[in-house]
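The values are calculated or read from the model by the stated rules, or taken from the named source; none is laboratory data. Here the structure is a predicted model, which is why all the values come from computation and not from measurement. All Cβ positions, even for glycine, are placed from backbone atoms using ideal geometry, and neighbour counts span all protein chains on display. Remember, those area values only see protein heavy atoms, side chains included, never the ligands or the DNA or RNA. Shrake-Rupley method; radii C 1.70, N 1.55, O 1.52, S 1.80 Å.
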Amino acid sequence: MPRFWLRDLYYRRLRVVLTVLGVALLSMLILLLGGIMNGLRWQAQRYVRFVGADAWISKERSGGVFVGFTLLDPEDVVPLVQAFGRGVMDERVGVSPLIFAHARPVVTIGGVERQVKAVVVGYRAGKLGGPSHRDLVRGRLFVPSPEVYSPEQRVELEAVVDESLGVEIGQSIEIGGYAVTVVGIVRDMMFVFDTPLIFMDIRAAQETVLENVLYVNTFLVKAAPGHTAEELVARLNDPDRGLRSVRAVEVHTSEETIETILTNYVTEPMRGVQFLRVMLWLTAALIVGMISYVTTMEKTQELGVMKAIGADNRYVLQMVLLQVLLTSVVGVALGVALALIAAPAFPIFVLVDPLEGLTVSLLSVLMCLLGGSFAAWRATRVDPMIAFRGEL
Amino acid sequence: MSVVVEGIGVTRYFGMGEARVTAVDHVDIAIESGELVMLMGDSGCGKTTLISLLGGILTPSEGKVILDGEELPFHRPALLPRVRREKVGFVFQMFHLIPYLTALENVMLALDIAGVRGAEARRRAAELLDRVGLSHRLHHRPAQLSGGEKQRVSFARALANRPKVLFADEPTANLDSRQSENLLELVRELREQHATTIVIVTHHESLKPHADRILHMRDGRIVQEERPAENEVASIDDPEKREYPSLR
Ligand SMILES: Nc1ncnc2c1ncn2[C@@H]1O[C@H](COP(=O)(O)OP(=O)(O)OP(=O)(O)O)[C@@H](O)[C@H]1O
Ligand SMILES: [Mg+2]
């Protein structure tokens with residue numbers, strides 16, 4: 001049984017193939033741009049989720065450890081946190097000090113020295129903030145420094161690094177002029193923009209990135225069993241009776257912290273990308289619209305004859321829209337396939353989310369239909385007199 | 001015999017003001033069921049315009065058309081396609097077959113438009129093409145057919161939905177005289193088989209003997225009527241003959 005609208009498409013197959021390719025390319029770009037944002041979003045949350053703290057304590061109005069700068073004195077803050085958190089915070093984990101500092105370590109890869117971007121994370125082994133030995137892909141954790149500080153104590157400058165840094169166990173990396181030995185490797189420990197994390201003992205971090213000042217950036221606390229993160233944060237944050245009543249600090253849940261990171265590193269900077277995506281959608285609609293329009297104009301004779309022999313507007317509309325639908329569905333499907341193939345080969349981390357891919361595809365098809373609907377409308381306006389007179 | 005198509009005061013202007021052309025000028029016409037009428041006249045006298053008006057393709061400026069007992073709904077253009085596909089068949093001078101469809105599919109397209117699909121459509125289309133003597137050309141495309149064959153496919157397509165009346169605008173203009181003669185033989189046969197009323201616009205004097213009635217047009221008006229069988233010529237402008245039965 002001949003489907004006449006399909007036969008028509010086949011007749012103009014070269015143009016259809018070109019349209020499909022155009023739509024495919026555009027929807028691939030739309031998906032990849034979305035994938036870049038998804039990747040960023042994933043990286044923005046990855047570390048905070050991995051840490052699993054319930055409360056992040058930072059200096060008041062500092063913006064927090066991820067987007068601003070906060071420096072706190074453990075001798076001053078830790079006893080207060082313990083006092084104010086009593087009953088709501090998990091005493092077994094205690095207060096975890098943390099250093100989170102953007103750095104430019106020098107690494108040697110393939111005999112070539114290079115300065116790369118990284119984040120130095122200083123924490124105490126066994127507390128919150130970094131991997132335990134179970135999280136290692138290979139190697140071991142750094143040798144921990146004693147809890148009680150003594151000036152004579154020599155600190156081992158050792159690090160556990162994300163594999164994306166590209167260095168191997170036993171290699172030395174230079175951080176702030178200090179040689180740090182890589183002793184362990186972790187995987188998928190990244191911050192936004194593919195920044196690998198370098199984990200060190202808190203003391204080693206103080207020595208290398210804080211000029212051995214005994215301050216830290218932030219403290220992490222977990223809620224005691226039976227208490228929620230919100231309770232813990234509310235208690236510490238209480239401006240009258242909480243930690244905040246005696247020290248200029250602010251306390252946030254992990255969710256709030258993630259929200260801050262997302263706003264600063266993804267939502268705001270990616271506005272341009274979002275805009276670009278919208279432009280690409282419009283371009284897809286325009287391409288399909290233009291080609292369907294030109295095709296319709298070229299077919300006025302045929303359309304006129306069909307209308308003369310009784311085709312009504314519904315018939316004509318359906319014919320054009322089915323053609324546009326098929327063309328755009330095939331184009332978008334091809335675009336999805338291309339995006340999936342291209343994503344791993346992309347120079348930055350791209351996360352193509354299948355559900356988002358589906359929504360994006362539907363939207364792209366919708367945009368194409370929108371573009372084609374003008375041509376379809378134009379087709380219904382063709383005067384059947386054309387059948388008698390030729391071009392009017 | 002009953003009247004299938006009737007035009008009352010049918011008029012069509014084109015353009016406005018100084019440039020206004022009266023293509024069809026207050027034409028009264030009645031065509032009876034089963035008739036084969038030919039419409040003749042000089043170029044530009046309004047023949048094409050008249051049959052487009054009668055077939056519901058063009059909207060008259062004045063007057064009305066009654067087709068198969070139903071006044072054409074020119075005031076509701078959305079209803080016209082139904083009339084065209086159910087009651088009217090058209091054959092065009094330039095054939096206007098769809099180039100990428102075979103003869104069979106071109107006929108099936110007309111059926112598809114009327115909602116007849118699948119095996120039923122295929123059977124009916126094949127049967128029609130057989131009637132026009134093209135059973136050996138079912139799967140040829142228009143480009144692979146001669147002019148005469150193309151025009152036969154056009155007739156098959158026009159007859160696909162069993163129209164009450166078939167309008168053909170210079171169907172023989174692109175055919176040689178032998179092909180034209182054959183086509184007219186075929187048209188007469190088809191009229192017998194389908195009991196269809198046929199209106200043909202033509203310039204070919206030699207085809208006149210095939211007609212039951214020949215209407216001559218000049219300047220948008222029907223000015224003379226001929227009945228070849230009865231050797232009768234009536235001048236419409238002659239007040240004496242105004243009472244002619246098939247004219248109002
Ligand atoms: N769309 C239009 N706009 C303006 N004038 C028109 C239009 N269509 C037809 N006319 C005019 O109406 C008159 C009748 O045209 P029509 O095509 O009906 O003549 P015809 O008898 O079919 O001529 P031919 O034998 O050359 O086909 C002509 O003068 C023509 O120029
Ligand atoms: Mg004409």
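Things worth noting here:
- Measure of compaction for the protein assembly as shown (Cα Rg per 2.2 N^0.38 Å): 1.64
- Rounded, prolate or oblate (a/c below 1.5 giving rounded, otherwise prolate when a/b exceeds b/c) for the range B:1-155 by Cα gyration tensor: prolate
- Taking 1.567 mPa s as the viscosity and 4 °C as the temperature, the Stokes-Einstein diffusion coefficient of the range B:87-141 based on its alpha-carbon Kirkwood radius rounds to 112 µm²/s.
- With the whole protein complex present, A:Ser150 retains an accessible surface near 40 Å², based on a 1.4 Å probe.
- Percent carbon-and-sulfur accessible area, the range B:139-244, ignoring ligands, DNA and RNA, probe 1.4 Å: 40
- In a simple Cβ point-charge model (Lys, Arg +1; Asp, Glu -1; nothing else charged), the protein assembly as shown has a dipole of about 820 debye relative to its Cα centre.
- Calculated FRET efficiency for the pair A:Lys117/A:Asp73, C-beta based, R₀ 30 Å, to 0.05: 0.60
- The range B:89-248 shape via C-alpha gyration tensor axes, a/c threshold 1.5: prolate
- Buried area at the B:A interface is about 2500 square angstrom, summed over both chains, from accessible surfaces computed with a 1.4 angstrom probe.
- Under the simplified labelling scheme, the B:Arg227-B:Ser146 pair shows an inter-label distance of 3.7 nm, with each label point 7 Å from Cα along Cα→Cβ.
- Residues of the range A:225-249 with amide N under 14 Å of the 7 Å Cα→Cβ point at A:Glu91: A:225
- Label positions at A:Leu214 and B:His203, each projected 7 Å from the Cα along the C-beta direction, are separated by 11.2 nm.
- Rolling a 1.4 angstrom probe over the protein heavy atoms with all chains in place gives the protein assembly as shown an accessible area of 45 Å² per residue.
- The helix-based estimate of mean residue ellipticity at 222 nm for chain B, built from -39,500 (n - 2.57) per DSSP H run of four or more residues and divided by its residue count, is -9000 deg cm²/dmol to the nearest 500.
- At least 10 Å² accessible surface lost relative to isolated chain, residues of the range A:1-30 (1.4 Å probe): A:Met1, A:Pro2, A:Phe4, A:Arg7, A:Asp8, A:Tyr11
- FRET E, pair A:Ala337, A:Met279, Förster distance 30 Å, beta-carbon r, rounded to 0.05: 0.85
- Global geometry of the range A:45-267, whether rounded, prolate or oblate, following the gyration tensor of its Cα atoms and the 1.5 cut on a/c: prolate
- Lysine pairs meeting the criterion (Cα under 15 Å, 8 or more apart or interchain), as found in the protein assembly as shown: 4
- Mean per-residue shielding of peptide A:382-390 is 6, counting Cβ atoms of other chains within 10 Å of each Cβ.
- Residues of the range B:68-108 whose accessible area, computed with a 1.4 Å probe over protein heavy atoms, drops by at least 20 Å² once all protein chains are present relative to their chain alone are B:Pro81, B:Arg84, B:Arg85, B:Phe90, B:Phe92, B:His96, B:Ile98, B:Pro99, B:Tyr100, B:Leu101, B:Glu105, B:Met108.
- Once the Cβ-Cβ distance of A:Gln82 and A:Thr181 is raised to the sixth power relative to R0 = 41 Å, the FRET efficiency obtained is 0.75.
- Compared with the alpha-carbon gap, the fully stretched path from A:Glu152 to A:Glu174 is longer by 5.6 nm at 0.36 nm per residue.
- Rounded percent of accessible protein surface that carbon and sulfur make up, chain A, 1.4 Å probe: 60
- Taking the DSSP beta bridges with both ends in the range A:45-267, the antiparallel portion is around 75 percent.
- Take each residue in A:299-307, count the other chain C-beta atoms within 10 Å of its C-beta, and the mean is 4.
- Within the range B:29-54, backbone nitrogen closer than 13 Å to the virtual label 7 Å beyond the Cα of B:Arg218 toward Cβ: B:41-43, B:45
- Distance (nanometres) between label positions extended 7 Å along Cα→Cβ at B:His139 and B:Ser2: 4.3
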